[in-house]
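Every number in this text was worked out from the coordinates using simple rules, so none of it is lab data. Note that the coordinates shown come from a computational prediction; the quantities given were computed from them, not determined experimentally. With ideal geometry, Cβ positions are generated from the backbone for all residues, glycine too; neighbour counts draw on all protein chains shown.
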Amino acid sequence: MQLTVLAVPDCPSAPVLEDRLATVLHNQPGVTVSRQVIGDEREAARWGMHGSPTLLIDGIDPFAAPGQPPSLSCRLYRDHDGHASGAPSESELRLVIERALTAATETRNPAWLDSLGRAGRGRVAPAERGLRAVHQAVLRAFVETGIAPGITSLVSAAAPGSASELLAELAAGDFLCLDHAGEITAAYPFSTLPTRHRVRIADNATVSAMCAIDALGISAMVGHPVVIESADPSTGAPVTVNVDGASSTWDPPTAVVFVGRTDSECARPSASVCCGYMNFFASRAAADAWAASHPQITGGVLSQERALEVGIGIFGHLLD
């Protein structure tokens, strides 16, 4: 879990908040704390600072009132007795952190999250009959050229089998998608058609990813840094993620991923049931608002760390 202290320069209450956090987090594993100095109103809005200092837990301000605007002003916190202070009390900090840790544990693998792909079966194609060789040849073609290979270029990988027959079998298993003519239209994580998620692979091609989770798994799969350029589907606000293996930086830093599907089960093909509902959002509030306006979609919000972890878990080993 990531905690971030947002504060204006020389904020006298920021060290108080950090000292109280240090006490509360003593011997607490899996929690990191960073500090971000906010210099102007634009940065305050971008980071979601509602006064100085502000504490973010995985990008969310647990003390903010609904609709509270960004602010550079000094922030006051009131405890249960109504006493005001420039920082939350240790008891209040302990409460919101424990709630966040409990929620993270309960939602790590919720029913709506297919953390392996293909309804839990994973996306590594079977090795027999040349299926994996053809699948990997398709993926490498996307990485190197940005487009799907033609069937004739897969003859060598398919030998002694038939490339068209192996592609049809891979499509039936939802490893990739074919059109009526048998041409490849998608091979998770890649799409032949433009999508909301554009991915620039270092020293290789620029590709379209099927969804946000697919985009996040590409760097680990290809072994190169990538830059993901996407947009919040509710506002159109740009979301950019730099990924290098298991490391990432997000702009805006409050961005999250919503993972959804149209069914209680992510029935195949994923392209029609899941992929259109796995998107980057500029903030947790934007994702929650979108979900509330689309009650027919089953899903939930993933933090940056968890979304990247899921993407790597699904796609990281496809080219091994």
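Below are the figures for this structure:
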| read-out | value |
| --- | --- |
| Ala292 paired with Ser247, simple spin-label distance in nm, labels 7 Å along Cα-to-beta-carbon | 3.8 |
| Net charge of neighbours whose Cβ lies under 11 Å from the Cβ of Glu229, counting Lys and Arg as +1 and Asp and Glu as -1 | +2 |
| Value of [θ]222 nm, deg cm²/dmol, for the chain, DSSP H segments ≥ 4, -39500 (n - 2.57) each, nearest 500 | -9000 deg cm²/dmol |
| The chain: angle of helix 212-222 to the longest principal axis, Cα-based, in degrees nearest 10 | 70 |
| Nearest-ten-degree value, helix 14-24 long axis tilted from longest Cα axis of the chain | 70 |
| Taking the C-alpha atoms of the range 155-214, convex hull volume expressed per residue in Å³ | 102 |
| Charge dipole of the chain about the Cα centre (unit charges at C-beta), most positive-ward option of Pro53, Ala125, Ser85 | Ala125 |
| Among Ala215, Ala289, Ala202, residue whose mean-square fluctuation peaks in a GNM of the chain (springs only between Cα atoms under 10 Å) | Ala289 |
| Net dipole in debye of the range 191-315 [+1 Lys, Arg Cβ; -1 Asp, Glu Cβ; about Cα centre; nearest 20] | 200 |
| Neighbourhood charge, 14 Å Cβ-Cβ cut-off, centred on Trp290 and excluding it, Lys, Arg +1 and Asp, Glu -1 | 0 |
| Order of Glu165, Glu92 under a 10 Å beta carbon neighbour criterion, fewest first | Glu165, Glu92 |
| Virtual spin-label span in nm between Asp10 and Thr235, 7 Å along Cα→Cβ | 3.2 |
| Point-charge dipole on Cβ atoms (K/R +1, D/E -1) for the chain, about Cα centre, debye to 20 | 340 |
| Cβ-based exposure ranking for Tyr77, Tyr188, in which fewest neighbours within 10 Å come first | Tyr77, Tyr188 |
| DSSP-defined beta bridges in the range 1-89 - what % are antiparallel, rounded to 5 | 45 |
| Selection from Ala14, Ala158, Leu216 lying farthest towards where the dipole of the chain points positive, charges on Cβ | Ala158 |
| Computed FRET value (nearest 0.05) for Ser164 with Ser85, which takes r as the C-beta separation and R₀ as 56 Å | 0.20 |
| Summed side-chain charge close to Ser162 - residues other than Ser162 whose Cβ falls under 15 Å, Lys, Arg +1, Asp, Glu -1 | -2 |
| Estimated FRET transfer efficiency when R0 is 41 angstrom, pair Arg121-Arg200 (beta carbons, to 0.05) | 0.85 |
| Ranked list, fewest to most other Cβ atoms within 10 Å of each Cβ, for Ile213, Ile314, Ile228 | Ile228, Ile314, Ile213 |
